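Only one structure is covered here, and it is reproduced in the block below.
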Amino acid sequence: MADDIIIAAGWRAGAIGDIVALHGRYYAQRWAFGPFFEAKVASDLAEFIKQLHQHPSQLWCAMDSMGRVVGAIAIDGRHGRDQGAHLRWFILDSCCRGLGLGSRLLDTALAFCRDADFARVSLWTFEGLVEARRLYESRGFALAEELSGQTWGKTVTEQRFELIVQAKK
């Protein structure tokens, strides 16, 4: 199945809804996140898409052979190259986990950051997403900050990971 999935850069029709639905279902089922979280993903992603080409930013959608979005990742570069990029909306459909698709998406996003000369890449997540953390750390991300917060509408231990980007030579 992994060979049938393509990674396409940029917005695609239905991508916002598909990405929001992937987040909403996954985090509701596994972490009991509710409508606040899903609405936040929807509004933040919609705002990002409206401004996608105003900054060195990009969205990638993993699409199956039927054209469905089964995964996504984005680099938000609105704060500039010196402050660094923000990795966001990294998600995979449960049917695509364990196939190497997460690695493909993350590597694509990090290559973009190197090509765009970002000094660093950071991301916010929360404690307990073990597989995601393992993937981030395998690419050189390190835990930079940890605090209790309600960014996602539920109290969790929020974590910020950061990677110092090595420019392409």
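The values are calculated or read from the model by the stated rules, or taken from the named source; none is laboratory data. The shown structure was predicted, so the numbers you read here are calculated from the model rather than taken from an experiment. Cβ placement follows ideal geometry from the backbone for every residue including glycine, while neighbour counts extend to all protein chains displayed.
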Members of region 31-62 that are surrounded by 14 or more Cβ atoms within 10 Å (Cβ to Cβ), closer than 18 Å to PHE112 by Cβ and not small (Gly, Ala, Ser): LEU45, PHE48, ILE49, LEU52, HIS55, PRO56, GLN58, LEU59, TRP60, CYS61
If you take the residues in region 95-104 that are touching a strand residue (DSSP E or B) at 6+ places or on another chain (Cβ under 8 Å) and either within 21 Å of GLN51 (Cβ to Cβ) or not hydrophobic (A, V, I, L, M, F, W, C) (or both), which one is surrounded by the fewest Cβ atoms within 10 Å (Cβ to Cβ)? ARG104
Single condition ALA28 does not satisfy, out of (1) out of contact with any Phe, Trp or Tyr (no Cβ under 9 Å at 6 or more places or on another chain); (2) part of a helix (DSSP H, G or I): (1)
Output the residue which, of all residues in region 144-157 that are of a type outside the set (S, T, N, Q) and in contact (Cβ under 8 Å) with a residue 12 or more places away in the chain, is surrounded by the most Cβ atoms within 10 Å (Cβ to Cβ). TRP152
Against the definition (touching a Phe, Trp or Tyr at 6+ places or on another chain (Cβ under 9 Å), over 22 Å from GLY14 (Cβ atoms), part of a helix (DSSP H, G or I) and free of Cβ contacts under 8 Å to residues at least 40 places away in the same chain), how does LEU123 come out, yes or no? no
Is it true that some residue in region 132-143 is in contact (Cβ under 8 Å) with a residue 60 or more places away in the chain and touching a Lys or Arg at 6+ places or on another chain (Cβ under 9 Å)? no
Would you check if ALA109 is under 20 Å from LEU59 (Cα atoms), surrounded by 13 or more Cβ atoms within 10 Å (Cβ to Cβ), touching a Pro at 6+ places or on another chain (Cβ under 8 Å) and not hydroxyl-bearing (Ser, Thr, Tyr)? no
Residues being out of contact with any Cys (no Cβ under 9 Å at 6 or more places or on another chain), buried (at least 17 other Cβ atoms within 10 Å of the Cβ), touching a residue at least 60 places away in the same chain (Cβ under 8 Å) and not hydroxyl-bearing (Ser, Thr, Tyr) - total across region 4-30: 2
Residue in region 99-120 that is nearest to LEU163 (Cα to Cα), counting only those that are in contact with a helix residue (DSSP H, G or I) (Cβ under 9 Å, 6 or more places away or on another chain) and without any contact (Cβ under 8 Å) to a residue 40 or more places away in the chain: LEU106
Give me the residue from region 74-94 that is of a type in the set (Gly, Ala, Ser) and surrounded by fewer than 14 Cβ atoms within 10 Å (Cβ to Cβ) and, out of that set, modelled with the highest pLDDT. SER94
